[in-house]
1. Working carefully through the options 208, 201, 217, find the one that is in contact (Cβ under 8 Å) with a residue 60 or more places away in the chain, closer than 24 Å to residue 414 by Cβ and either out of contact with any Ser or Thr (no Cβ under 9 Å at 6 or more places or on another chain) or in a helix (DSSP H, G or I) (or both).
2. Restricting to the stretch 102-144, and then to whatever is of a type in the set (Phe, Trp, Tyr) and outside any loop (DSSP other than H, G, I, E, B), can you tell me which residue is farthest from the chain's Cα centre (by Cα)?
3. Examine the stretch 337-352 for a residue that is assigned to a helix (DSSP H, G or I), of a type in the set (Val, Ile, Thr), more than 30 Å from residue 94 (Cα to Cα) and open to solvent by 50 Å² or more (accessible area, probe 1.4 Å), and state whether such a residue exists.
4. Can you pull out the residues in the stretch 333-364 that are basic (Lys, Arg) and out of contact with any helix residue (DSSP H, G or I) (no Cβ under 8 Å at 6 or more places or on another chain)?
5. Just give me the residues in the stretch 1-49 being surrounded by 14 or more Cβ atoms within 10 Å (Cβ to Cβ) and basic (Lys, Arg), in sequence order.
6. Can you tell which of 60, 33 is modelled with pLDDT of 95 or more and more than 16 Å from residue 125 (Cα to Cα)?
7. When the residues of the stretch 88-137 are filtered to those that are open to solvent by 10 Å² or more (accessible area, probe 1.4 Å), among the aromatic types (Phe, Trp, Tyr) and touching a Leu at 6+ places or on another chain (Cβ under 9 Å), which remaining residue is farthest from residue 155 (Cα to Cα)?
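The values are calculated or read from the model by the stated rules, or taken from the named source; none is laboratory data. Note that the structure is predicted; figures quoted are calculated from it, not measured. Note: ideal-geometry Cβ built from the backbone for every residue, glycine included; neighbour counts use all protein chains shown. Only protein heavy atoms, including side chains, enter the accessible area calculation; ligands, DNA and RNA are left aside. Shrake-Rupley method; radii C 1.70, N 1.55, O 1.52, S 1.80 Å.
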Amino acid sequence: MVFSSITFLYYFLPILILVYYIVPSKLRNITMLIFSLAFYFYGEPKYVLLLVASFTLNYLFAKMIYKNKSKTYLMIGVIINILILVYFKYTNFLIFNVNQIFKLSINFLDIVMPIGISFFTFQEVSYLIDVYKERVTPSSSLLNYATYVCLFPQLVAGPIVRYSQINEQLKSRKHSFNNFSVGVTRFVLGLSKKVILANLLGTMYDELSTITQYTVLLFWLKAIGYTLQLYLDFSAYSDMAIGLGHMFGFSFTENFNYPLIANSITDFWRRWHITLSSFFKDYVYIPLGGNRDGKYKQIRNILIVWLLTGIWHGANWTFLIWGLLFGIILIIEKIFLNKFMEKLPSFIRRIYVLFIVMILFIIFNSDNMSEALTNIKGLFGMNGEVFINDYTLHYLKSYLPILIIALFGATPFIKTLIDKFRKNKYLNNIINILEPILIVMILFVVTSYLIDNSYNPFLYFRF
């Protein structure tokens, strides 16, 4: 089940809201857990028991780690979590590479990766480590811990929520009409970003991919379109997750902060998938020594983190190369470029970031490096393409409005404008009156799109 579906919007969510606010407060966690498991069962029925086994096992390991102050139990718990992730996500990738290297013909296993396993595995690993480091005490309630792991808003595609961030909310949380309305607004705006912008960009990308007469401009349209689609799709999911959290009294960590306006690649990764970057910083980079032991070890640590970041995204060499290249660029910035870049105009720095990000996301989106290199060379006419033809001109005219709207949607321009208006008391009152009307209208438009349009994937579900 996805958030941008009629089933979720008009059946699952209204029923949950009704039941959640009718039952006594002491039953709200069990309500969330039951509905979260039902949410997961709808999309992944055969792996619900795996999810239940996972949170039960980690709950028990945390108890043993805390009681015995045991690094051994920590290592066993972390290794079990990682081995489960490796089995489902990387087994066939490993078989493929063994076959290639040793000229073998080992058969692939019939494995389907459980939705969200990369996200809930990292949450549980962070929990075990935090218990060992005494940053948190282990949950005294299996129900509360299970609710934390299974919370449906963030279960399948993040943000990666740490137990320390919501453990008090699991015990007791405040509900108010204002918090609920903030959540609804955030959710609907995220929904519109997904359905109206990301899905249309996805349709554009698919249509452009079917054209046989490629041009330089068409390669640029595809690259820009995919970069915007990926950002809008994933950030929309985070918006909806955070909005749903507010509706049920939870406060989740922000996961995006307009990364496409970043003025360096370092700044980009402070703004993109913030909870993943934070996880690798706190649980890999800093434990390895961070930047404390000289430049060479810092370079080593950065490369390790970014190789892991690439591998986390998927079992393909393109992901590993994508992560490694980001790591190399970050090293170059830290050692050579930062002082030089600080002297450049802001718009030059942002163009540099957008170009690098776009190139690397071409690799990210490719099945292999041959395909990636063809698409990158196409940006510069190195495959022998003409600059433009009638087909490309037709698609440019058709999709230029959505590209422009998406570009504005990827910046804080509209939010900044509204915040300025709100400083005026009269305009603030008008906005307060118009906002709920606008939200209802947006929901109506989104519903119309969902009824008429079958294209509705979430890109990050594959990770």
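1. 201
2. 102
3. Within the stretch 337-352, one or more residues are assigned to a helix (DSSP H, G or I), of a type in the set (Val, Ile, Thr), more than 30 Å from residue 94 (Cα to Cα) and open to solvent by 50 Å² or more (accessible area, probe 1.4 Å).
4. Within the stretch 333-364, 339, 343 qualify.
5. 28 - this is the single residue of the stretch 1-49 that is surrounded by 14 or more Cβ atoms within 10 Å (Cβ to Cβ) and basic (Lys, Arg).
6. Testing whether each residue is modelled with pLDDT of 95 or more and more than 16 Å from residue 125 (Cα to Cα) leaves just 33.
7. Taking the candidates together, the pick is 132.
Quick grid of which residues meet (1) over 30 Å from residue 171 (Cβ atoms); (2) open to solvent by 10 Å² or more (accessible area, probe 1.4 Å); (3) touching a Ser or Thr at 6+ places or on another chain (Cβ under 9 Å):
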| position | (1), (2), (3) |
| --- | --- |
| 232 | yes, no, no |
| 240 | no, no, yes |
| 245 | no, no, yes |
| 250 | no, no, no |
| 259 | yes, no, yes |
